[in-house]
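Q: So that we are looking at the same thing, I have put the structure below in structure tokens.
The values are calculated or read from the model by the stated rules, or taken from the named source; none is laboratory data. From a predicted model like this one, the values you see are computed outputs, not experimental measurements. Backbone-built Cβ (ideal geometry, glycine too); neighbour counts: all protein chains shown. SASA here: full protein model, heavy atoms, side chains in, ligands and nucleic acids out. Shrake-Rupley method; radii C 1.70, N 1.55, O 1.52, S 1.80 Å.
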Amino acid sequence: MSMTARIVMVSVGLLGVLAFIVIAELGINAGLIHYGVKIGRLDVGGMTPREAERLIEDVGREMASTPIVFRGGGLGPYSWTPSELDWEPRKVEMSRQAMDVGRTGNLFRSLADRVKSWTGGIRLRWSPPDRGKVELVALIVAQDADETTRLTVDEAKLESLIIEAVWDWPRARFYEIPFES
């Protein structure tokens with residue numbers, strides 16, 4: 001057998017294997033969120049959108065009502081719930097985003113998302129809380145720190161930490177208030 005014939009046979013064989021993998025992957029995930037897709041730490045891979053919505057609603061209700069505690073530098077504890085910061089899980093929107101992984105964008109983007117979901121996973125971010133309320137909470141903590149401890153709170157870092165804490169599940173017992181050096 002000539003070298004050209006061998007190369008053609010190997011190429012056809014590899015294309016056949018690749019086609020089989022693509023078809024199998026499409027069949028496995030037909031109507032389901034791709035395996036490896038998470039919303040925050042919540043694994044929704046392999047679920048139908050409706051199943052994901054129910055899970056997001058159940059966990060989201062608990063997330064929204066569980067206090068986030070901040071302390072540090074002799075301050076606190078300060079505590080707010082995500083619902084007080086106007087955060088909600090937005091189950092339909094988040095389920096739709098999870099379902100769109102590997103199904104939107106051009107062919108190469110879709111394939112890349114599918115490979116990434118199988119190999120390393122894809123983590124979607126929750127929707128953010130109300131920015132104005134987060135800023136107000138950071139300002140309250142900063143003013144209290146200035147008046148009682150003479151420490152200066154890094155408000156930008158605290159705002160980011162508040163948003164990350166809203167998305168964190170399960171939550172830490174408390175989050176350390178960041179101060180400027």
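Q: Kindly provide the set of residues from region 107-132 that are open to solvent by less than 100 Å² (accessible area, probe 1.4 Å) and either in contact with a strand residue (DSSP E or B) (Cβ under 9 Å, 6 or more places away or on another chain) or outside any helix (DSSP H, G or I) (or both), ordered by number.
A: Asp113, Ser117, Gly120, Gly121, Ile122, Leu124, Trp126, Ser127, Pro128, Pro129, Asp130
Q: Let me ask something else about it. Step by step: first the residues of region 148-181, then only those that are among the acidic types (Asp, Glu) and within 21 Å of Lys133 (Cα to Cα), then the one that is most open to solvent (accessible area, probe 1.4 Å). Which residue is that?
A: First, pick out the residues of region 148-181 that are among the acidic types (Asp, Glu): 154-155, 159, 164, 168, 176, 180.
Retained after the next criterion (residues that are within 21 Å of Lys133 (Cα to Cα)): 154-155, 159, 164, 168, 176.
Numbers: Asp154: 30, Glu155: 66, Glu159: 25, Glu164: 89, Asp168: 30, Glu176: 105 Å².
By that ranking, first place goes to Glu176.
Q: Cβ contacts < 9 Å: first residue basic (Lys, Arg), restricted to region 124-149; second residue open to solvent by 70 Å² or more (accessible area, probe 1.4 Å) and part of a helix (DSSP H, G or I), any location; separation 6+ or different chain. Result?
A: Filtered contacts from region 124-149: Lys133/Glu84.
Q: Now for a different question. For region 105-149, give me the residue count where each residue is touching a helix residue (DSSP H, G or I) at 6+ places or on another chain (Cβ under 7 Å) and basic (Lys, Arg).
A: Matching residues across region 105-149 total 3.
Q: Sort out which residues of region 70-81 are farther than 15 Å from Pro178 by Cβ and open to solvent by less than 70 Å² (accessible area, probe 1.4 Å), and write them in order of number. Outline the logic, then answer.
A: So in region 70-81, the residues farther than 15 Å from Pro178 by Cβ come out as 77, 79-81.
The answer is Ser79, Trp80, Thr81.
Q: Taking interchain pairs and intrachain pairs at least six residues apart, which have beta carbon atoms under 7 angstrom, with the first residue in region 72-83 and over 19 Å from Leu151 (Cβ atoms) and the second of a type in the set (A, V, I, L, M, F, W, C) and outside any strand (DSSP E or B)?
A: Trp80/Val137; Thr81/Ala64; Pro82/Met63; Pro82/Ala64; Pro82/Val166; Ser83/Ala64
Q: Next question. Basic (Lys, Arg), open to solvent by 40 Å² or more (accessible area, probe 1.4 Å) and over 25 Å from Gly132 (Cα atoms), is that true of Arg90? Before you say what the answer is, go through the steps one by one.
A: Working: basic (Lys, Arg): yes; open to solvent by 40 Å² or more (accessible area, probe 1.4 Å): yes; over 25 Å from Gly132 (Cα atoms): no.
It is false that Arg90 is basic (Lys, Arg), open to solvent by 40 Å² or more (accessible area, probe 1.4 Å) and over 25 Å from Gly132 (Cα atoms).
Q: In region 29-55, what count of residues is obtained for those that are closer than 12 Å to Ser95 by Cβ and touching a Phe, Trp or Tyr at 6+ places or on another chain (Cβ under 9 Å)?
A: 2
Q: Condition first: at pLDDT below 95 and of a type in the set (Asp, Glu). Now tell me which residues in region 111-153 satisfy that.
A: Scanning region 111-153 gives Asp113, Asp144, Asp146, Glu147.
Q: Now a separate question. On the basis of being touching a residue at least 24 places away in the same chain (Cβ under 8 Å), among the aliphatic types (A, V, I, L, M) and touching a Gly at 6+ places or on another chain (Cβ under 7 Å), does Ile68 make the cut?
A: Criteria not met by Ile68.
Okay, residues lined up against (1) at pLDDT below 90; (2) assigned to a loop (DSSP other than H, G, I, E, B); (3) among the charged types (D, E, K, R):
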residue	(1), (2), (3)
Gly45	no, yes, no
Arg61	no, no, yes
Pro77	no, no, no
Glu88	no, yes, yes
Ala98	no, no, no
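Q: Still on this structure, please answer the following. Mind checking which residues of region 62-99 are on the phi < 0 side of the Ramachandran plot, in contact with an Asp or Glu (Cβ under 9 Å, 6 or more places away or on another chain) and among the charged types (D, E, K, R)?
A: Matches in region 62-99: Arg71, Lys91.
Q: Could you say which residue among Arg50, Arg103 is modelled with pLDDT of 95 or more and either open to solvent by 60 Å² or more (accessible area, probe 1.4 Å) or over 28 Å from Ala172 (Cβ atoms) (or both)?
A: That would be Arg50, the only listed residue that is modelled with pLDDT of 95 or more and either open to solvent by 60 Å² or more (accessible area, probe 1.4 Å) or over 28 Å from Ala172 (Cβ atoms) (or both).
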